[in-house]
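Peer 1: Right, I'll just put the structure down here and ask away after.
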Amino acid sequence: MVGRAIVRALESSGYSRLITTSSGDLDLRRQAETQEFFQEQNPEVVILAAAKVGGIMANNELRADFLYDNLMIEANVIEAAFRSGAEKLIFLGSSCIYPRNAEQPIQEEALLTGVLEPTNEPYAIAKIAGINLCESYYRQHGANFVSLMPTNLYGPFDNFDLHSSHVIPALIRKFHEARSANAGEVEVWGTGRPMREFLYVDDLANAVVFFLENVDADAIYGQGISHVNIGCGEDISIGRLASMVAKIVGFEGEIVFDPTKPDGMPRKLLDITRLGSLGWKHSVDLDDGLRRTYDWYLANRI
Ligand code: GDP
C-alpha cells in the first residue's frame with residue numbers, strides 16, 4: 001500500500017528512474033541478496049517502505065515475525081544503502097513506537113520515555129531500532145538518513161484480510177459483506193473507546209516526496225530529535241469511525257462491540273507541530289479518504 005502510493009507520488013512529481021522491487025523478487029531479510037541488489041542498482045536515494053505490518057491481532061500473535069523480519073529488513077537495507085553510496089535514505093516507522101501512556105498529542109521527544117503497548121511491543125522495538133540506525137549512521141558517518149513516523153495509514157491496496165488487517169479495511173469489508181448478506185449486526189473489536197488518528201496513504205506519500213526534496217538529516221537531528229511525526233492532527237474514537245464507515249458503505253444494522261478483543265493503545269494522536277513548521281500539511285480528510293478507499297475496494301476486491 002505505502003510503496004505503491006510513494007511510486008504514484010514520485011511519478012506525478014516527474015521522477016522517471018524509479019527502481020522498485022517486491023518481496024517475491026528480493027527477500028530483504030537476506031543480507032547477501034540485499035547487498036547484491038544495491039550494488040547492481042546503485043540507487044541515489046532509498047525510501048524504505050518495506051516492512052512486516054499488520055493490525056492489532058497479527059502484531060500480538062506473530063510477535064517473533066514482527067520483530068525478526070523488521071530488524072533484518074532495516075539493518076540490511078540501511079547498511080546496503082550506506083555501502084552502495086546512497087545520498088539520502090528515508091525510513092518509515094510507525095506511531096506505535098511511543099510509550100502507551102505518552103502525553104497526547106505525542107511529541108517526538110516522548111520516544112523511549114516509558115513502557116510500550118504490549119500488543120505491538122515487538123514491532124515497536126524493531127521500528128525504534130530502525131530510527132536509531134538512521135541516526136547512528138548520521139552521527140558516525142554523516143549519512144543523510146532520516147526517519148518519518150506516520151500515524152495509522154489506510155487507502156488503496158490496503159490488506160482486507162479480517163485476521164491480519166488494520167481497523168479501516170476490516171470495517172469496510174465487514175460492513176460491505178453484512179449489507180450484501182442483509183445481516184442485522186456487525187461486530188467491532190474492543191470497547192469502541194480507543195482513539196486513533198488516520199492519514200490517507202497518498203498524503204503520506206506526498207509527505208515522503210516533500211522530505212526527499214526539502215528536509216535533510218541536519219535539519220532533523222540539529223533540533224535534538226531523531227525523527228519527525230507525520231499525521232493530520234485529529235483523532236476519532238473507534239466507535240465513531242465504525243458509524244462513519246457504516247454510513248459510507250450503506251449498512252443500517254446494529255454495531256456490536258466485542259470487549260473480549262483487545263483495545264490496544266488508549267490513544268495515539270501525534271503532535272504535528274514540527275511537521276507544520278517544516279511546511280507540510282495533509283490534504284485528504286477522513287470522510288473523503290474513506291470514500292476513496294471504499295470505491296477502490298468495490299473496484300478491486302476479489
Ligand atoms: P492499532 O492502532 O495498532 O491498535 O491497530 P488496528 O488498526 O488493528 O486497531 C485499531 C483499533 O481498532 C483497536 O482498538 C482495535 O481493537 C479496533 N478494532 C475494532 N474492530 C477491529 C477489526 O475488525 N480489526 C482491527 N484490526 N481492529 C479493530
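A short reminder: the numbers here are calculations on the coordinates, not readings from a lab. Keep in mind it's a predicted model, so treat the numbers as computed, not measured. Note that we place each Cβ from the backbone using ideal geometry, even for glycine, and neighbour counts take in every protein chain shown.
Peer 1: Please give the helix 286-300 orientation as an angle from the longest Cα principal axis of the chain, in degrees from 0 to 90, rounded to the nearest 10.
Peer 2: Tilt of helix 286-300: around 90 degrees.
Peer 1: Which whole-percent values make up P(r) of the chain when all C-alpha to C-alpha distances are grouped in 10 Å steps starting at zero?
Peer 2: Each 10 Å bin holds this share of Cα pairs: 6, 27, 36, 22, 7, 1, 0.
Peer 1: Each residue of segment 99-110 in order: what ³J(HN,Hα) in whole Hz does its phi give by Karplus 6.51 cos²θ - 1.76 cosθ + 1.60, θ = phi - 60°, with x for Gly and Pro?
Peer 2: Those phi angles translate into x, 3, 9, 4, 5, 9, x, 8, 7, 3, 5, 6 Hz.
Peer 1: Taking amide H positions as placed 1.01 Å from N in the peptide plane, with prolines and chain starts having none, which residues 5 or more places from Ser147, or on another chain, fall under 5 Å of its amide H?
Peer 2: So Ser147 has HN proximity to Phe91, Val228.
Peer 1: Run the quick spin-label model on Glu234 and Arg63: label points 7 Å from Cα toward the beta carbon, then report their separation in nm to one decimal.
Peer 2: 3.7
Peer 1: Another one. Hey, quick one: spin label on Gln140, modelled 7 Å out along Cα-Cβ, who in segment 44-68 has an amide N within reach, i.e. under 13 Å?
Peer 2: Of the residues in segment 44-68, none has backbone N under 13 Å from the label point off Gln140.
Peer 1: Counting only trypsin sites (Lys or Arg not before Pro) that sit in a DSSP loop (anything but H, G, I, E, B) with at most 16 other Cβ atoms within 10 Å, what is the longest stretch of the chain containing none of them? All intermediate terms of the calculation are to be shown ahead of the outcome.
Peer 2: On the way: sites that count: Arg17, Arg30, Lys281, Arg301.
With a cap of 16 other Cβ atoms within 10 Å, the longest stretch comes to 31-280.
Peer 1: If you scale each eigenvalue of the Cα gyration tensor by 5 and take the root, what three semi-axes come out for segment 1-123, rounded to whole angstrom and sorted largest first?
Peer 2: Details: eigenvalues 159, 62, 41 Å².
After diagonalising the Cα gyration tensor, the semi-axes are 28, 18, 14 Å.
Peer 1: Compute the length gained on full extension between Asp288 and Glu185: take 0.36 nm times their separation in residues and subtract their Cα-Cα distance, giving the result in nm to one decimal.
Peer 2: On the way: separation 103, 0.36 × 103 = 37.08 nm, distance 2.49 nm.
Roughly 34.6 nm would be gained on extension.
Peer 1: Continuing with the same structure: Of the cross-linked pairs Lys174/Lys247; Lys88/Lys127; Lys127/Lys268, which ones have a Cα-Cα span greater than 23 Å in the structure shown? Display every interim value, and only then the final one.
Peer 2: Working: Lys174/Lys247 13 Å; Lys88/Lys127 19 Å; Lys127/Lys268 16 Å.
In this structure, no pair lies more than 23 Å apart at Cα.
Peer 1: Please work out whether segment 1-57 counts as rounded, prolate or oblate from its C-alpha gyration tensor, where a ≥ b ≥ c are the square roots of the eigenvalues and a/c under 1.5 means rounded, while otherwise a/b larger than b/c means prolate and anything else oblate?
Peer 2: On the way: a/c = 2.61, a/b = 1.05, b/c = 2.49.
Cα axes put segment 1-57 in the oblate bin.
Peer 1: Turning to a different aspect of this structure: Bin width 5 Å, alpha-carbon pairs only: give the P(r) of segment 125-165 as whole percents, running from 0 to the bin holding the largest distance.
Peer 2: In order of increasing distance, the bins hold 5, 19, 17, 15, 14, 12, 9, 6, 2 percent.
Peer 1: Using a 7 Å offset from the Cα along the Cα-to-Cβ direction at both Ile125 and Thr113, what is the distance between the two label points in nm, to one decimal?
Peer 2: 2.3
Peer 1: Calculate how steeply helix 31-41 sits against the longest principal axis of the alpha-carbon atoms of the chain, using the helix alpha-carbon long axis, and give the answer as 0 to 90 degrees to the nearest 10.
Peer 2: Computed tilt is about 70 degrees.
Peer 1: So, one more: What aspartates and glutamates could a cross-link reach from Lys52, if we take a straight Cα to Cα line under 15 Å and drop same-chain neighbours fewer than 8 places away?
Peer 2: Within the straight-line cut-off, Lys52 pairs with Asp27, Glu61, Asp65, Asp69, Glu74, Glu121, Asp158, Asp161.
Peer 1: Project the alpha carbons of segment 181-266 onto their principal axes and report the range along each, largest first, in whole Å.
Peer 2: Extents along the principal axes, in whole Å: 55, 25, 17.
Peer 1: Two decimals is fine: what is log10 I(q)/I(0) at q = 0.13 Å⁻¹ for segment 39-192, from a Debye sum with one equal scatterer on every Cα and no solvent?
Peer 2: One equal scatterer on each Cα of segment 39-192 leads to -0.69.
Peer 1: Under a plain spin-label model, where a point goes 7 Å from the Cα along Cα-to-Cβ, how far apart in nm are Lys261 and Glu40?
Peer 2: Modelled inter-label distance: 4.2 nm.
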